[in-house]
Amino acid sequence: MSIEETFIQGCYVLTPRVFEDERGYFFESFNRNHFEEATGRSINFVQDNESQSKKGVLRGLHFQRGDHAQSKLVRVTRGKVLDVCVDLRQDSKTFGAHFSIILDAVKKQQLFIPKQFAHGFLVLENDTIFTYKCDNFYNKESETGIIYNDMTLNIDWQVHDSKLMISEKDLSLPTFNDLFHDD
C-alpha cells in the first residue's frame, strides 16, 4: 500500500496493492503498523460506519467539535463519490482550504482525514456504498457542519445544484464565516 500526503498536512491518500486473478481479487484495506510508520500518526479506530446512497446525494460537510472530534478513514466499496475535506485547524497554513478526490470501488483508494476537518461527499453512481472508520465515537451534541455551497470555501461539486439531493439538516448548516469569524 502506498500512503501519500496531500497538499494539506495530515491528510493522506492510501492506495492499496490489489492482487487479482481468475478467482477475483484481494487487498489489504488497512494496516495500522504500516499507516503509523508512513504517517508518524498513532491511530486507534473505534467505530465503523456505512451508508448507501443514490446518485446525486450530497452528504456534508460534517464534523464533530471538541473532545469528540474524529479522524476518519473513508472509502467506497461500491460505486463512486467525489469526496471533499476542509481544513478547520485555525493554526494551520491551509486553514479553510479543501482537498477533493474521486473515490471508487475500482481503484479502492482511501482518504485519511484528521481531526478538525469538515467532510462531505457527492455520490456519482447509483447504489454507492461508502464506508469509514472513526477514531472517536459519534456524539450528537458535538456534531455540526458547514453548508455545502459556502461562498468562502467555493467547492466545485461538479454537478449543478438542481441535480443534488441534500437533507434538510444539511441545508440548514451554517457558513464557514458564521463558524469562524472574529468577534
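Every number here is computed from the coordinates shown, using simple stated rules; none is lab data. Just so we're clear, the structure is a prediction, and the values are computed from it rather than from any experiment. We place every Cβ from the backbone using ideal geometry, glycine too, and count neighbours over all the protein chains shown.
A few points about this structure:
- Principal semi-axes of the equivalent ellipsoid, √(5λ) from the alpha carbon gyration tensor of region 54-107, are 24, 13, 11 Å from largest down.
- Amide N of region 121-151 lying under 20 Å from the label point, which is placed 7 angstrom from the Cα of HIS34 along Cα→Cβ: 131-135
- Dimensionless Rg/Rh of the chain - Kirkwood Rh, Rg from C-alpha atoms: 0.96
- Within the chain, the longest segment free of exposed loop sites, counting trypsin sites (Lys or Arg not before Pro) that fall outside DSSP classes H, G, I, E and B and have at most 10 other Cβ atoms within 10 Å, spans 94-183.
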